[in-house]
1. Identify, please: which residue in region 75-95 is crowded, with 20+ Cβ neighbours inside 10 Å and out of contact with any Gly (no Cβ under 6 Å at 6 or more places or on another chain) and is, among those, modelled with the lowest pLDDT?
2. Quick one: what pairs do we get from region 210-235, first residue modelled with pLDDT under 90, second basic (Lys, Arg), C-beta under 8 Å, 6+ apart or different chains?
3. Among the numbered criteria (1) surrounded by fewer than 20 Cβ atoms within 10 Å (Cβ to Cβ); (2) not in a helix (DSSP H, G or I), which single criterion is violated by Ile219?
4. Among the residues of region 187-209, which ones are in contact (Cβ under 8 Å) with a residue 60 or more places away in the chain and either farther than 20 Å from Met132 by Cα or of a type in the set (Val, Ile, Thr) (or both)?
5. For the condition within 23 Å of Ser48 (Cα to Cα) and either over 13 Å from the mean Cα position of the chain (by Cα) or without any contact (Cβ under 8 Å) to a residue 40 or more places away in the chain (or both), what is the one hit in Ile110, Ile116, Ile127, Ile139?
6. Given the conditions (1) closer than 16 Å to Tyr145 by Cα; (2) over 20 Å from the mean Cα position of the chain (by Cα); (3) assigned to a helix (DSSP H, G or I), and given that Asp194 satisfies all but one, which numbered condition is not satisfied?
7. Just need a number here: residues in region 21-38 that are at pLDDT below 85 and loosely packed, with under 13 Cβ neighbours inside 10 Å.
8. Please determine, by comparing only the residues of region 51-62 that are surrounded by fewer than 23 Cβ atoms within 10 Å (Cβ to Cβ) and within 11 Å of the chain's Cα centre (by Cα), which one is nearest to Phe100 (Cα to Cα).
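The values are calculated or read from the model by the stated rules, or taken from the named source; none is laboratory data. This is a predicted model, so every value here is computed, not measured. Glycine also receives a Cβ, built like all others from the backbone with ideal geometry; neighbour counts cover every protein chain displayed.
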Amino acid sequence: MTTKTQPYLLNDKWRFAGFLGAFFAIISIFFVIPLLEKNFYTHLILQSSFTLLILSTIYTVEKQQTILISGFFFLTPFIYFDALGFHYHSMIYMALAHLFSSIFTLVAIIILMRKILHASKVNAELIFGAMMVYLLSGILWANFYFIEDIICPGCFNGVGILNFDNTNFLSIYEQQFNFLYYSFATLATLGMGDITPLSHLAKSLTAMEAMFGQLFVAIIIAKLVSVWWSVPTTK
């Protein structure tokens, strides 16, 4: 008597773990962290949630261990410079940390977009990947805004000025979360108005994100429809 094997059982378990990790990361970023006391541990949980979201997403879609290894390649300098920035009160180290974080996020978006554009059928992974590209894009632009405000303080109105001489984890977290809020409000073209760009680069980044948000939705819908109609139906 022969027994049936389940060669894809392990992959299915890892894929479910990836979905679960991304779900908990989203819940943490948007619902849990805003309710916590603003201190060093809140900052640590926020950065860890960003990392978990990216790693869970790209591993769920690609299902390759090399993706995780390359992810840690970018994560190591991010954690290193982020710690140095807080220890030495250095704006340069803080900017370098978020630069590596931005590169890591951008690589994840490119991997997901390549998977989406070459998809031959509509399934849960395709829809999940499209959703994650949208969320990661908001996080990416939030990093861009944060880096710009470090380099050129006061280029945004309504987020405060980051100055390590008289600041603490509370003001750093508040500014980073304000940029996260502003980024998603811009991506969805809500135009709340409580945070406004002042410098030319800040205005350009804001306009680019708003255009990306509109074009991404249109392109993804067109892709999903084209893939859906290209699949032959069985009678």
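1. Once the filter is applied, the top-ranked residue is Gly85.
2. Val227/Lys121; Val231/Lys121
3. (2)
4. The one that is in contact (Cβ under 8 Å) with a residue 60 or more places away in the chain and either farther than 20 Å from Met132 by Cα or of a type in the set (Val, Ile, Thr) (or both): Leu205.
5. It is Ile110.
6. All conditions are met except number (3).
7. 1
8. Thr51
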